[in-house]
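So the structure is just underneath, and the comments pick up after that.
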Amino acid sequence: MKHLFDMLSENRDSGIYPYHMPGHKRRACGKLESGLCGIDITEIDGFDNLHQPEGILLDLQRKAAGLYGAEESFYLVNGSTAGILSAVSAALPQGGHILMARNCHRSAYHAAYLRNLRVSYLYPPVLASYDILDGIQPRQVREALNAEPDIQAVLLVSPTYEGRISEIRAIAEVVHERGIPLIVDEAHGAHLGLAHNLHENSCMAGADLVVHSLHKTLPSLTQTALLHVNGDLIDRGLLRRYLHIYQTSSPSYILMASIDNAMDFMERKRQEAFEAFGKNYSEMLAELSACRHLRILPWERERQDIGKLIVSVKGTGLSGKDLYDILLQKYKLQPEMAAENYVLAMFTVNDSAEGYERMTRALLGIDSAADAEMQNGAARGKGETAEKGMFPQPVCKIPLSEAWDMKTAETLLQECPGRLAGEFVNLYPPGVPLLVPGEEITQEMCSRLADYVSQGLTVQGVCLRDDKMYIRTLMTCQRDMLGT
Ligand SMILES: Cc1ncc(COP(=O)(O)O)c(C=O)c1O
């Protein structure tokens, strides 16, 4: 089978003049280089059409399906975001009832809003020793489905942003006992199932719809992703309709060529590439086990994904943001994100030896400096933030699809308790909502938000002005709604 990158280069060198879009006409312009625009085309002869694939793109999608053990796969050029919007829209009717994990990506909430869905939440347990959200348990799904038998689809994230893996095989059984579909946002697990040392992917485990962001954990360009569908619980005509709606009508051939390239690389090299990745990653973790203060979450094939290096600072005298800043400023290492009590650094199959070595040296160095600080007593207070217990579970008073369309006003944080949220409020990254529009704001939530802001964490939905914090609340008769 031909490869898209080769076809694009052949087209560039063919002598054919482009009387078609894009407007750069395959010629350099300002800082837009000819290397890039030379292979940037639209749907011209021989290149098929993503919205009605019959040639090369159909073949490539079938190849991707084969690699992941899916019945059918779709190329996504608008990221997993488009896949989640399409999957949720196709799996439930307008106004339907979805059970979804609270740590779903914002696109899941957007789908619920657009499709007027009633939302029930599954709250992931907290892995307290690291302060991260753990995988969803099959028991939780069973209980939720027993409690609300009109639920029409279940949506989970696995692996999570931090790499926690849920027992999808067991969960799929529970969900299918009800005859309803399971959607797995496996955006962070595009590598799963590709080699023996990796956990199976959710297509193999029985999920009906699975989304993979290739750009997150495989060598592929930003925005590239896949949506897979299995079984007969999903109307595939409807799924295609929503993909047409949510994906651009001008899909980038450079992005599609990147998907092809990643799939081809995986097909040819996956076993050796992931064995080398597993070895390098394990060796780094072994060296880091010498740390006396920083703690590293171990890689466990079944529970914790490879490559998501979680470095806990609890009890070190540092906050997650401190460690992040030291890594970036002193060592010139850019982590993926800082949370209150940990830093997340990502490794993939395409890291260099230098990448492992520099992170190992940096963390060992920071750990021994923490040693000295702890001895002279400078470590108190930080990295040991007050125990906040479970992830907050605010009460929904008005459904998202209604609340997000209502009038809002900016309200001083201290005046928020008792009011209803008018906007999403979340820590970013990873963007798990602390408040969804229509949910009641408590005093505890306000203190939590103030605490996050004072630690320098990015809290989306909280506006800072003149040293005061505001959030948007609904302008309805709040007290009536609350029944107080
Ligand atoms: C769990 C999860 N799902 C979906 C997405 C969306 O993926 P994309 O950026 O490919 O649209 C993200 C992005 O960060 C994510 O973390």
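Please treat every number below as a calculation from the coordinates, not as lab data. Everything quoted here is computed from the prediction, not taken from an experiment. As a convention, Cβ positions derive from the backbone with ideal geometry for all residues, glycine included, and neighbour counts pool all protein chains shown.
A few points about this structure:
- Distances between placed amide hydrogens fall under 5 Å for L122 paired with M100, A101, R102, all partners being 5 or more residues away or on another chain.
- Assigned charges on the beta-carbon of Lys, Arg, Asp, Glu; the chain dipole about Cα centre (debye): 660 debye
- Using just its DSSP H runs of length 4 or more, each adding -39500 (n - 2.57), the chain gives a mean residue ellipticity at 222 nm of -11000 deg cm²/dmol after division by all residues.
- Multiplying the residue separation of Q393 and Q334 by 0.36 nm and removing their Cα-Cα distance gives an extension gain of 18.0 nm.
- Positive contributions from Lys and Arg (+1) and negative ones from Asp and Glu (-1), summed over other residues with Cβ under 14 Å from the Cβ of G193, come out at -2.
- Across the stretch 90-106, coupling constants 3J(HN,Hα) worked out from phi with the 6.51/-1.76/1.60 Karplus curve, θ = phi - 60°, read 7, 7, 10, x, 3, x, x, 10, 10, 9, 9, 5, 5, 8, 5, 5, 4 Hz, and Gly and Pro carry x.
- The gain in end-to-end length when the S352 to Q443 segment is fully stretched comes to 28.0 nm, 0.36 nm per residue minus the alpha carbon separation.
- With eigenvalues of the C-alpha gyration tensor scaled by 5 and rooted, the stretch 400-482, Å: 20, 14, 11
- Gap separating the Cα centres of the stretch 303-359 and the stretch 71-131, nearest whole Å: 28 Å
- Around the amide H of T411, modelled in the peptide plane, lie the amide H atoms of I471, R472, T473, all under 5 Å away and 5 or more residues distant in sequence or on another chain.
- Dimensions in Å of the stretch 162-207 - Rg and Dmax from alpha carbons: 10.9, 33
- Long-range amide H partners of D134 with built H, under 5 Å: V126, L127
- Shape category assigned to the chain from the gyration tensor of Cα positions, a/c cut at 1.5: oblate
- Centroid-to-centroid, using Cα positions, the stretch 427-464 and the stretch 1-59 are 45 Å apart.
- Counting charges near R236 (Lys, Arg +1; Asp, Glu -1) among other residues having Cβ under 12 Å from its Cβ returns a value of -3.
- Whether the stretch 19-105 is rounded, prolate or oblate, judged on the alpha carbon gyration tensor where a/c under 1.5 counts as rounded: prolate
- Reachable lysines, given that their alpha-carbon falls under 16 Å from the alpha-carbon of K216 and they are not under 8 places away in the same chain: K308
- A Cβ-based charge dipole, computed about the Cα centre of the stretch 400-482 with Lys and Arg at +1 and Asp and Glu at -1, lands at about 100 debye.
- Other residues whose C-beta falls under 11 angstrom from the C-beta of D351 contribute a net charge of -1, scoring Lys and Arg +1 and Asp and Glu -1.
- Cross-link pairs beyond the 20 Å C-alpha cut-off, checked among K2/K269; K330/K468; K269/K332: K330/K468; K269/K332
- Across the stretch 167-180, computed HN-Hα scalar couplings (Karplus, 6.51 cos²θ - 1.76 cosθ + 1.60, θ = phi - 60°) run 7, 5, 4, 5, 5, 4, 4, 4, 5, 6, 4, 8, x, 10 Hz from first to last residue, x flagging Gly and Pro.
- Karplus-derived 3J(HN,Hα) values for the stretch 359-372, using 6.51 cos²θ - 1.76 cosθ + 1.60 with θ = phi - 60°, are 5, 4, 4, 4, 5, 5, x, 5, 5, 6, 5, 4, 3, 5 Hz; glycine and proline are entered as x.
- FRET efficiency estimate (nearest 0.05) - Cβ-Cβ, E173 to V126, R0 22 angstrom: 0.30
- Rounded to 5, percent antiparallel among DSSP beta bridges of the chain: 75 percent
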